[in-house]
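So the structure is just underneath, and the comments pick up after that.
Every read-out reported here was derived from the displayed coordinates using simple, explicitly stated rules and does not represent laboratory data. Keep in mind it's a predicted model, so treat the numbers as computed, not measured. Note that we place each Cβ from the backbone using ideal geometry, even for glycine, and neighbour counts take in every protein chain shown.
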Amino acid sequence: MTVVLVGERNSMVTKQDMVGVYRQTGEEVVDAQGKVIHSDNNRSSQIMYSPDGYIGVVSTPAGRNKTSAPAGRTDLSGATPDELVDATRAVTCYAGRYEVKDGEVHHHVEMALNPNMIGQTMIRRVRFDGPNLTLSARPDAQGQVRRILWRRVEAD
């Protein structure tokens with residue numbers, strides 16, 4: 001099994017390496033010494049990288065409650081205000097373009113559930129281990145790093 005680590009002065013990853021559909025297997029926060037201080041795998045998430053440079057992400061808490069919105073709708077029209085709050089709590093949903101630079105992937109957000117994300121660029125360090133992809137934020141002021149763990153979806 002080949003491990004490719006990028007983002008630490010190693011820019012071997014290419015846009016072609018990123019192309020695919022991945023499902024989240026977990027997330028964790030690691031302290032400055034490399035110790036996992038938080039771990040969670042209670043999400044239902046998918047990230048897609050297209051060959052022509054587009055990205056789409058949908059990430060929701062697992063086990064969300066259904067709303068009273070009419071069946072068959074793709075939006076939440078008809079849900080009560082409380083149901084809307086509950087349905088969108090802790091949801092990440094955005095799309096846009098991506099590029100690979102200096103061993104990192106840059107997500108340029110063009111549309112998002114959270115309007116504050118629009119126009120932002122999210123930069124993630126990349127690590128591949130076979131079909132597994134780890135996207136890591138840059139360290140915060142305390143040296144902690146949030147990592148999201150993904151696994152490539154194989155076509156049937």
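Things to note:
- Each Cα pair under 8 Å and six or more residues apart adds its sequence gap; the mean of these over the residue count of the chain is a relative contact order of 28 percent.
- Between GLN24, GLN46, GLN142, the GNM of the chain built on Cα springs shorter than 10 angstrom shows GLN142 fluctuating the most.
- Of the residues MET122, VAL105, LEU149, the one whose Cα sits farthest toward the positive end of the charge dipole of the range 98-156, with +1 on the Cβ of Lys and Arg and -1 on the Cβ of Asp and Glu, is LEU149.
- Candidate aspartates and glutamates - alpha carbon under 15 Å from LYS15, same-chain residues fewer than 8 apart omitted: ASP52, GLU99, ASP102, GLU104
- Long-range amide H partners of GLY26 with built H, under 5 Å: LEU149
- The calculated 222 nm mean residue ellipticity attributable to helices in the chain amounts to -1500 deg cm²/dmol, summing -39500 (n - 2.57) over DSSP H runs of n ≥ 4 and dividing by all residues.
- Put a plus charge on the Cβ of each Lys and Arg, a minus charge on the Cβ of each Asp and Glu, and nothing anywhere else: the dipole of the range 10-72 about its Cα centre is then about 280 debye.
- Distant-in-sequence amide contacts of ALA79, defined by a placed amide H-H separation under 5 Å and a gap of 5 or more residues or a different chain, comprise ALA69.
- Cβ crowding within 10 Å averaged over residues, with 127-138, 54-65, 28-39 ranked highest first: 127-138, 54-65, 28-39
- Placing +1 on each Lys and Arg Cβ and -1 on each Asp and Glu Cβ, with no other charges, gives the chain a dipole about its Cα centre of roughly 140 debye.
- Amide N proximity, the range 73-96 versus ILE118 label position 7 Å along Cα-to-Cβ, cut-off under 16 Å: 93-96
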